[in-house]
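The values are calculated or read from the model by the stated rules, or taken from the named source; none is laboratory data. Everything quoted here is computed from the prediction, not taken from an experiment. For neighbour counting, all protein chains shown are included, and Cβ atoms are generated from backbone atoms with ideal geometry for every residue, glycine included.
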Amino acid sequence: MARKLTQLGRSVPLPQAPEQAVLEVVPNPQRGTNYVVRFTAPEFTSLCPVTGQPDFAHFVIDYVPGARIVESKSLKLFLFSFRNHAAFHEDCTVYVGKRIVSAIKPKYLRIAGYWYPRGGIPIDVFFQTGRLPAGTWLPETGVAPYRGRG
């Protein structure tokens, strides 16, 4: 069963690193039904591990829950913890996906990381686990490929 929530409804400090962030979970209120939960983080920020400059991404996280779902405030704090974290785009995107999988063990998870250009090249990173249950509707991410200005 889920442990007591320690962040929801409380003022809590931002975690200083992703490893320190706690992803809290709650029981799935619709456990017998396959459905998709989508979190969109259009202003994800981390740091380039080489230059220390900020990197920006638009994340779309979709999952089909099993017994548990992610508590959204804890996810927000987890994602904020990357603001001072230096890592490559691939590492950040996959790490977020793996932490969610570890916390809730979903039937299916897909994370799409649409990173804004670094050195003139946008990098998009996709990670998926499990299989989408038959008959479950999964919409497109809705994020257009990067086209630059105009």
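Please go through segment 122-138 and give me each residue that is part of a loop (DSSP other than H, G, I, E, B) and either under 17 Å from Phe56 (Cα atoms) or touching a residue at least 12 places away in the same chain (Cβ under 8 Å) (or both), ordered by number. Arg131, Leu132, Pro133, Gly135, Thr136, Trp137, Leu138 - these are the residues of segment 122-138 that are part of a loop (DSSP other than H, G, I, E, B) and either under 17 Å from Phe56 (Cα atoms) or touching a residue at least 12 places away in the same chain (Cβ under 8 Å) (or both). Residue-level check: of (1) of a type outside the set (Val, Ile, Thr); (2) in a helix (DSSP H, G or I); (3) under 27 Å from Thr6 (Cα atoms), Asp91 misses just (3).
For segment 115-124, the criterion of being out of contact with any strand residue (DSSP E or B) (no Cβ under 6 Å at 6 or more places or on another chain), modelled with pLDDT of 95 or more and farther than 20 Å from Leu5 by Cβ is met by no residue.
Take Thr40 and decide whether it is under 17 Å from Trp115 (Cα atoms) and of a type in the set (Ser, Thr, Tyr). For Thr40, the condition - under 17 Å from Trp115 (Cα atoms) and of a type in the set (Ser, Thr, Tyr) - is met. Pairing each residue of segment 92-121 that is within 16 Å of Ser74 (Cβ to Cβ) with any residue that is charged (D, E, K, R) and part of a loop (DSSP other than H, G, I, E, B), provided the two are 6+ apart or on different chains, yields C-beta distances under 9 Å for Ala103/Glu24. For segment 8-48, the set of residues classified as within 24 Å of Val94 (Cβ to Cβ), out of contact with any strand residue (DSSP E or B) (no Cβ under 6 Å at 6 or more places or on another chain) and of a type in the set (S, T, N, Q) consists of Gln16, Gln20, listed by residue number.
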